[in-house]
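What follows is a single structure, written as structure tokens, with notes after it.
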Protein chains: 2
Amino acid sequence: MNIDSMSIDSMISPASIAVLGASNRKSSVGYAVMTNIISGGYAGKLYPVNPSSDTIQGLKCYKNIVDIEYAVDLAIIITPSNVVPQVLEECGKKGGVKAAVIISAGFKEIGEQGKILEDKIKRVAKRYGMRLIGPNCIGFINTDPKVSLNASFTKGMPKSGDIALVSQSGAICVAMLEYAKMRNMGFSKVFSLGNKADLNENDLLAMFANDDSTKVVLMYIEDLVDGRKFIEFASHITGELEKKKPILALKVGESTIGSKSIASHTGALAGSQEAYKAIFAQSGVLRVETLEELFDYAIAFAYQPIPKDGGATAVVSNAGGPATIIADESSKYNLKLTKLSEKTVSELSEILPKTASLINPIDIIGDADHTRYENTLRIVLKDPNVNSCIIVSTPQMMLNMESLADVTIKINNEFKEKTILSCMMAVAGIENALARLDENKIPQYSFPESATRAIVTMQSYRSWVARPRTDVKAFEVTRDDVRRVFEKVRSQGRNYVHEAEAMEVLKSYGFHIPKSQLTTTEDECAKLSEEIGYPVVLKVSSPNIVHKTDVGGVELNLKNTLEVREAFRRIIENARRSEGDAKILVGVNVQEFVANGKEMIIGMKRDPQFGPLLMFGLGGIYVQVFRDISFRLAPIKELGARHMIESTRASKLLLGVRGEKPSDIESIVESLQRMSQLVMDFSEIQEIDINPLLVFEQGKGSKVVDARIVIS
Amino acid sequence: MNIDSMSIDSMISPASIAVLGASNRKSSVGYAVMTNIISGGYAGKLYPVNPSSDTIQGLKCYKNIVDIEYAVDLAIIITPSNVVPQVLEECGKKGGVKAAVIISAGFKEIGEQGKILEDKIKRVAKRYGMRLIGPNCIGFINTDPKVSLNASFTKGMPKSGDIALVSQSGAICVAMLEYAKMRNMGFSKVFSLGNKADLNENDLLAMFANDDSTKVVLMYIEDLVDGRKFIEFASHITGELEKKKPILALKVGESTIGSKSIASHTGALAGSQEAYKAIFAQSGVLRVETLEELFDYAIAFAYQPIPKDGGATAVVSNAGGPATIIADESSKYNLKLTKLSEKTVSELSEILPKTASLINPIDIIGDADHTRYENTLRIVLKDPNVNSCIIVSTPQMMLNMESLADVTIKINNEFKEKTILSCMMAVAGIENALARLDENKIPQYSFPESATRAIVTMQSYRSWVARPRTDVKAFEVTRDDVRRVFEKVRSQGRNYVHEAEAMEVLKSYGFHIPKSQLTTTEDECAKLSEEIGYPVVLKVSSPNIVHKTDVGGVELNLKNTLEVREAFRRIIENARRSEGDAKILVGVNVQEFVANGKEMIIGMKRDPQFGPLLMFGLGGIYVQVFRDISFRLAPIKELGARHMIESTRASKLLLGVRGEKPSDIESIVESLQRMSQLVMDFSEIQEIDINPLLVFEQGKGSKVVDARIVIS
């Protein structure tokens, strides 16, 4: 947390503001921003600046910011982009201006020329020690009643509330505020980040950590400026604060970039999508798939407590259909529907009609009125097995929705520590009921699926918060050996580390590798094969041959001298043919033949933006067919390594199917951590593939059968 | 189409109705139904029946239906369940009553006693030749202006329109009508099916096929009464009619039933979920995951043409954010965003600002007014590469949403053959704009994700309609051989068919099986191995040994006489030991060793409800880990077999990865059809597993390596 969130505080809670480009023209952004500041009830001083006006919206207008005879904390700039550098320079000259919001567009987003302009304003800001929001943004909003500042051109001031909203896109920000209005949602802060020339999501996360008015953070993300910092800041907020705050994020821009010359499988499989997935997983950020989900989950987190551990969800409905939908949805997302205690069931049986279903989801039948809901809910929520409850209602003649809203509110007050969600499946004539629920912080959903998923998301957040904490381990390794190998590779003008060299590197970092020796003659090869013990593998070793199998350079499972000698001759012949005149054949590697394990792949690709991205997955041909792989940014902790394995289907295979013994999962956990350490220690490693890592039965470890390393 | 849809016509378009259980008590269902019939503007005669009233809602009330002096086409019954049989009996006695809607609950859904009651009313109805809707339903609605009948206790008459709604749950039906009201959706017919004592979804499908007022069918399904009939009727509607009608279905009740003693992999993997998945796939039904999706897609189908083949979607937006969301969503669902023609791009460049993005999704920038939308849309929709268009708008100062609605309507009229969807991402103050769009049949979505998925669903429907039609093939087979095998198995009091017998069965149906011979002595075994050719496999053959591998009864890849002899002795010894005193060892099978193919599994399990369910998937250990399997109800056509393969990830493997040659997919297509024929011919087959079917390179066929059959 080394970002000084104070500088942001002074930016978002300024005592005085100058609006550069303020305007009287009603259709202009300058007019809209002025109006928003004034009608939003801004508590500080406001100075419009525009060379061509004397007064703007009744306030004295200055020709230039330097003319303002008072202190200015914050400048809001809405001039054409080409004059922004000059205007910003004037802010600097004026002195005392701590920050500027640059709403103007026409920078990086329009191409090379805009980028030059953007670099210019960055330099100006830096020179004068000013922070920047934007450019190309719609500004920000701080609903704190002490500030009450709408420094943006949205439509009016949103309601004050517990949710912070961060959007990279201005248009999405506006659309979200509109939609939030319909759902009566309140915000603590709203930021449109635009081009992020200076202020970015990480600055805001640092600020939100200390912002008592923010309980939930919503993010619309197109890209992240620093993945590792994001992990650090976000996981701090989501998991380490005393009052932990969930972060909900919609990440867009997922089109895969065509990859050029990638030497490893990891390289081919590790795109930026995977990096983002890893980053969110490692920071406890709850990723959603649609804008609508952002809202659905945000109100749940903002209004209700996270469901406690050890119990699960109860459903009380006046119809079987929606109850079935919830049961399906729960099973889809592994949400546990509570088994009610015998006491609860027996109490329910006393008050409910015979045709009611007392097994959760509880169906209190279509003729239920609000009193039957109330009596049922009180019994159900008393049950210690129930931590959360979805109250479902379909329009029925006997049921007054407003009375049901009142019952829901009453029950919610009686059971404050339990999570209560409403699902009124009606639309017309329930406006009052919905308003009452909103006012009393009871999340309401039109569809049972959305209510269920909201609970699922809360449960998944709870697991994150409750996860065991582990550290990044430091294994004893021999770094110097690795350094020597890489020096040799570089001295020979190579990037590609030969298999034997790669094995040496991995051995230095504690991986188990098969016994292996380089031989140059048939006799030597036969002799060494005896020493290593049959069966053995022969592999050609030549700087010219990368794909050994393709040229007939590998022979497996050789069981005796005869087979070894024949194989040696074939390999040499094939290699000579494929090398043509090059004649720099080094020899043939004799290796212990390793078999009878599960083939896994572990690897790393250095992401150009985020750094080393570790991969784990099922090896062999299946890695391409099933893409059953998982990723994490290095460095990883033990828990992260374990999660990498658990999040693949291959983990089932490792636990043993069809009565097989389980594999040595601990050995993979350790291997992943050792690889993490290796790639953190040697930033020149661009790609690594251990494919396969042969994993044996539990307790019997694993061995690297083949490995590739590319260095820079 | 052997259901007489005429009888349903007279049910839903009756000339006269008696309401048995009509009431003056305002909170009663009997009152609600009467009110709905009257205020819905029913065109026929209406007779309330209630022993304790003289007039109901101003109409003369009869004590008993038999007292009515006029003809009655339809009876609506709302009495307590225990008197329903008697009341229905009276309907029969009255004579001429063609059908009854039984709204009363308290039948099958409450358990054994209710089931007895339900069987009773079924018998009564049958005796008098009356059709039934319900019981335990909310009735039906026919908005046809010639009938205008709301024979239900929903809240008022829905708007007339092109959508038919069928819901098994009454509560969901009511909730859906409520929600539809908000979205201004109109219905042709609405049916709440309840317990389906008589009338079920298949009757309705038969009727919808001929119902000109219905363009789209929405279904909320808890179960199907007859899967194969459903496939027949549904696929007729969705794919064969002149005016094809899409069916959108939400299927709930997906909890898996614990399976008991299942002998095959197919058995373990083929649950009722898989059967439903197969049924929907085979009938072209578009399955949705949530209620909300039902509406999202319904309006698209009801209002707009299905996008034409060969082109794809264009997006016109005034902001980059939502355009990116649509691009992401499209790539997630493989929706093609059109590459605009050079002409289009050049025309756009003339009218749009320099900062606009001319590459689809087209961003016409935040300051766009409705005229810029109009000009852009006209150019874009003229492009022959564009078949559908999503018009996205975020709230911006320069844009009046009502004017944009008008532009959208104008463009929609100019390009009637193209699919146009609106996505106004605003809420407040756009009520008029939305109403205009609704009136003019332009589907409107609040979220870009929903608009995109609507187009995806339409495209997927287009592929179904355009699919090549194939027939169920009849291969030449020798049925008698199979019959003889099964007779022998049965005569020995077995259900389990031995491997050798199973091979014989499959051979009779044209499968390729390895050369194999039963031997009883070591010498004979050695001799036959020579004849078959090395390498060979030995497998124990004994009626007592089901799991041959477990007892050491299988030896693979034996390369010479020595190995065969040793293996023979080992197997005999192991078998003797495992059989104990039983001593009914038959011998040892010598088999050709088949290798170098891809291991697939094909199988069948007879579903208790829907009949033979065929399975295809990746064989070996991976079938359990990845569940990469697909299902179809037999009989299947060639296309169905092809789809089964294509819908697995294993199909990638079969196409050849990492430069491998493709496998003989045609041979699998044929094998699946042959298995389909086999299980249709022999209804005693309960389960079959061919695991593995070894599939060789393209053109080289496949071989059954192991097979299990269980008969009844």
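Laboratory data are not the source of any read-out in this text; all were calculated from the coordinates shown. Model, not experiment: these values are computed from the prediction. Heads up, the Cβs are rebuilt from the backbone with ideal geometry, glycines too, and the neighbour counts pull from every protein chain shown.
Gain in length, residue A:351 to residue A:657, computed as 0.36 nm per residue apart minus the alpha-carbon separation, to one decimal in nm?
Gain on stretching residue A:351 to residue A:657: 105.4 nm.
Taking Cα pairs under 8 Å and at least six residues apart, what relative contact order does segment A:5-214 come out at, in percent?
So the answer I get is 20 percent.
With a cut-off of at most 15 other beta carbons within 10 Å, and DSSP calling the residue loop, which trypsin sites (Lys or Arg not before Pro) in segment A:156-204 qualify? Please list them.
A:159, A:183
Once the mean 1/r over all distinct Cα pairs of chain B is inverted, what Kirkwood radius in angstroms do you read off?
Evaluated on chain B, it is 29.6 Å.
Spin-label point model (7 Å from Cα, Cβ direction): what's the residue A:410 to residue A:697 distance in nm?
6.5
List the residues, sorted by chain then number, that are 5 or more residues from residue B:602 or on another chain and whose placed amide H is less than 5 Å from its amide H.
B:690, B:693
Along the three principal axes, how long is segment A:557-712 when you take its alpha carbons, biggest first, rounded to the nearest angstrom?
49, 44, 27
Between residue A:417 and residue A:639, what is the FRET efficiency for a Förster distance of 30 Å, r being their Cβ-Cβ separation, to the nearest 0.05?
0.60
Only Cα pairs under 8 Å and at least 6 apart count here; give the relative contact order of chain B as a rounded whole percent.
So the answer I get is 9 percent.
From the phi of every residue in segment A:360-366, what ³J(HN,Hα) in whole Hz does the Karplus formula 6.51 cos²θ - 1.76 cosθ + 1.60 yield, where θ is phi - 60° and glycine or proline is x?
Calculated HN-Hα couplings, in order: 4, x, 7, 10, 8, 6, x Hz.
Give me, ordered by chain and number, the residues 5 or more places off residue B:56 or on other chains with an amide H under 5 Å from its own placed amide H.
So residue B:56 has HN proximity to B:61.
Calculate the FRET efficiency for residue B:683 and residue A:440 from the Cβ-Cβ distance with a Förster distance of 51 Å, rounded to the nearest 0.05.
On the way: r = 61 Å, r/R0 = 1.19.
The computed FRET efficiency comes out at 0.25.
On a 28 Å Cα-Cα criterion, which of the cross-link pairs A:245/A:637; A:245/A:336; A:339/B:196; B:243/B:382 come out too long?
Pairs exceeding the cut-off: A:339/B:196.
For residue B:440, place a label point 7 Å out from Cα along the Cα→Cβ vector, do the same in each other copy, and report the separations in nm, one decimal, smallest first.
4.4
Using only the Cα atoms of segment A:381-466, what semi-axes does the equivalent ellipsoid have when each is the square root of 5 times a gyration tensor eigenvalue? Give whole Å, largest first. Working shown, then result.
On the way: eigenvalues 111, 42, 25 Å².
Taking √(5λ) for each Cα gyration eigenvalue gives 24, 15, 11 Å.
So for the protein assembly as shown, considering every pair of alpha-carbon atoms, how many percent are separated by more than 50 Å?
Every Cα pair in the protein assembly as shown considered, those over 50 Å come to 44 percent.
Can you work out the FRET efficiency for the pair residue B:273 and residue A:398, with r the C-beta to C-beta distance and R0 = 35 Å, to the nearest 0.05?
Rounded to the nearest 0.05, the efficiency is 0.50.
In segment B:205-252, which GluC sites (Glu not before Pro) are in a loop and have at most 14 other Cβ atoms within 10 Å, using DSSP for the loop call?
Listed in order of number, the matching sites are B:242.
Under the convention of a label 7 Å out along Cα→Cβ, give the distances in nm from residue B:116 to the same position in every other copy, shortest first.
Label-point distances to the other copies, shortest first: 9.3 nm.
To the nearest 10 degrees, how steep is helix A:665-681 against the longest Cα principal axis of chain A, on a 0 to 90 scale?
That works out to roughly 80 degrees.
Based on alpha-carbon atoms only, what is the radius of gyration of segment A:5-214 relative to the globular estimate 2.2 N^0.38 Å?
That works out to 0.94 for segment A:5-214.
Name the residue from B:86, A:535, A:349 whose Cα lies farthest towards the positive end of the charge dipole of the protein assembly as shown, charges +1 on Cβ of Lys and Arg and -1 on Cβ of Asp and Glu.
The Cα lying farthest towards the positive end belongs to B:86.
Report the gain in length on full extension from residue B:70 to residue B:431: 0.36 nm times residue separation, minus Cα-Cα distance, nm rounded to one decimal.
125.1 nm
Work the Kirkwood hydrodynamic radius out for segment B:515-593: mean of 1/r over every pair of different alpha-carbon atoms, inverted, in Å.
12.1
Angle, helix A:401-414 long axis vs. longest principal axis of chain A, Cα atoms, 0 to 90°, nearest 10?
70
Can you compute the modelled spin-label distance between residue A:524 and residue B:15, with each label point 7 Å from Cα toward Cβ, in nm?
10.7
Name the residue farthest towards the positive end of the dipole of the protein assembly as shown from the options A:699, A:631, B:379, assuming +1 on Cβ of Lys and Arg, -1 on Cβ of Asp and Glu, about the Cα centre.
B:379
What does the extension gain come out to for residue A:119 and residue A:378, with contour length at 0.36 nm per residue minus their alpha carbon separation?
Stretched fully, the residue A:119-residue A:378 segment lengthens by 87.0 nm.
Check residue B:15: other-chain or 5+ apart residues with amide H under 5 Å from its amide H, H built from backbone geometry?
B:73
Between copies, how close do the residue B:586 label points come, placed 7 Å along Cα→Cβ, listed in nm from shortest?
Taking the point 7 Å beyond Cα along Cα→Cβ, the inter-copy spacings are 5.8 nm.
Which loop GluC sites (Glu not before Pro) in segment A:407-492, with loop taken from DSSP, have no more than 12 other Cβ atoms within 10 angstrom of their Cβ?
Sparse-neighbourhood loop GluC sites (Glu not before Pro): A:417, A:476.
Treat the count of other C-beta atoms within 10 Å as a stand-in for reagent exposure and order A:491, A:39 from fewest to most.
A:491, A:39
Given the rotation that superposes chain B on chain A, what residue of B brings its beta carbon nearest the axis, and what is the distance in Å?
For the rotation taking chain B to chain A, the closest Cβ gives B:626, 3.
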